[in-house]
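Have a look at the structure below, then the notes.
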Amino acid sequence: MKPMDVQVRPGGEEDLDALTEIYNHYVRETAITFDVTPFTPEERRRWLLSYSQDGPYRLLVAREGGECPEGRVLGYATSSPFRAKAAYRTSVEVSVYCAPAARGRGVGTLLYEALFAALEGEDVHRAYAGVTEPNPASARLHRRFGFAPVGTFREVGRKFGRYWDVTHYERPVGGVGAAPGDG
């Protein structure tokens, strides 16, 4: 796949069915997410509407076919609040999910490139990601984008009858920053 064949843009309501289908694949088939029950698009609508086209909390979608509106959704990336307390507001948690047929085709890289470019001008200091182990492809992707492992929670989630470890990664983000003592 050539990068010109893929358009990355903010996600919208028109993407809800495809985004739900992609996420549900990971719910049903993998331990990448610890959700255990698939969602309906209506159940995911609130999640979709929690993102904006600007600011630190974004949803970006990769669509096949460039400008073609009928192109298939290949994946998505998000930046979400890291924690609810106010002092965490300059930290985000990021994730990327690719449609099964799009894995290994550079879609995750395109999505993260666009996401981190969008976050550069925001008041974001750090990005965090959690990777269920083992997941060498995700670990490689995060390291490629400057993430470093900061710790592993051992056997933190149980899915498919076994316990899974989650390694947490962090990276700096070149946002506008805040003055010392900002609170």
Scanning region 28-86 for residues that are part of a helix (DSSP H, G or I) and either of a type in the set (D, E, K, R) or open to solvent by 70 Å² or more (accessible area, probe 1.4 Å) (or both) gives ARG28, GLU29, GLU42, GLU43, ARG44, ARG45, ARG46, LEU49
Test each condition in (1) modelled with pLDDT under 95; (2) small (Gly, Ala, Ser); (3) over 19 Å from LEU119 (Cβ atoms) for ALA178 and report the one that comes out false. (3)
Quick count over region 121-152, residues being of a type in the set (Gly, Ala, Ser) and either within 15 Å of TRP164 (Cα to Cα) or buried (at least 17 other Cβ atoms within 10 Å of the Cβ) (or both), is 6
Condition (residue is out of contact with any Ser or Thr (no Cβ under 8 Å at 6 or more places or on another chain), in a loop (DSSP other than H, G, I, E, B), at pLDDT 95 or above and under 21 Å from GLU120 (Cα atoms)) applied to region 168-175: is it met by at least one residue? yes
Would you mind finding the one in ALA102, ALA18 that is farther than 24 Å from GLU155 by Cα, among the small types (Gly, Ala, Ser) and in contact with a Leu (Cβ under 6 Å, 6 or more places away or on another chain)? ALA102
Collect the residues in region 87-101 that are more than 17 Å from ALA18 (Cβ to Cβ) and assigned to a strand (DSSP E or B), keeping them in residue-number order. SER91, VAL92, GLU93, VAL94
Answer yes or no: is there a residue in region 87-109 that is farther than 23 Å from THR167 by Cα, crowded, with 16+ Cβ neighbours inside 10 Å, among the hydrophobic types (A, V, I, L, M, F, W, C) and out of contact with any His (no Cβ under 8 Å at 6 or more places or on another chain). yes
Mind checking whether some residue in region 86-95 is under 19 Å from ASP35 (Cβ atoms) and hydroxyl-bearing (Ser, Thr, Tyr)? yes
In region 90-135, what count of residues is obtained for those that are basic (Lys, Arg), more than 15 Å from VAL8 (Cβ to Cβ) and modelled with pLDDT under 95? 1
Which residue out of ALA148, ALA129 is out of contact with any Gly (no Cβ under 6 Å at 6 or more places or on another chain) and closer than 26 Å to ALA18 by Cβ? ALA129
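The values are calculated or read from the model by the stated rules, or taken from the named source; none is laboratory data. Owing to the predicted nature of the structure, the values given are computational and were not obtained by experimental measurement. Cβ coordinates were reconstructed from backbone atoms using ideal geometry, including for glycine residues, and neighbour counts include every protein chain displayed. In case anyone asks, the SASA skips ligands and DNA or RNA and just uses the protein heavy atoms, side chains included. Shrake-Rupley method; radii C 1.70, N 1.55, O 1.52, S 1.80 Å.
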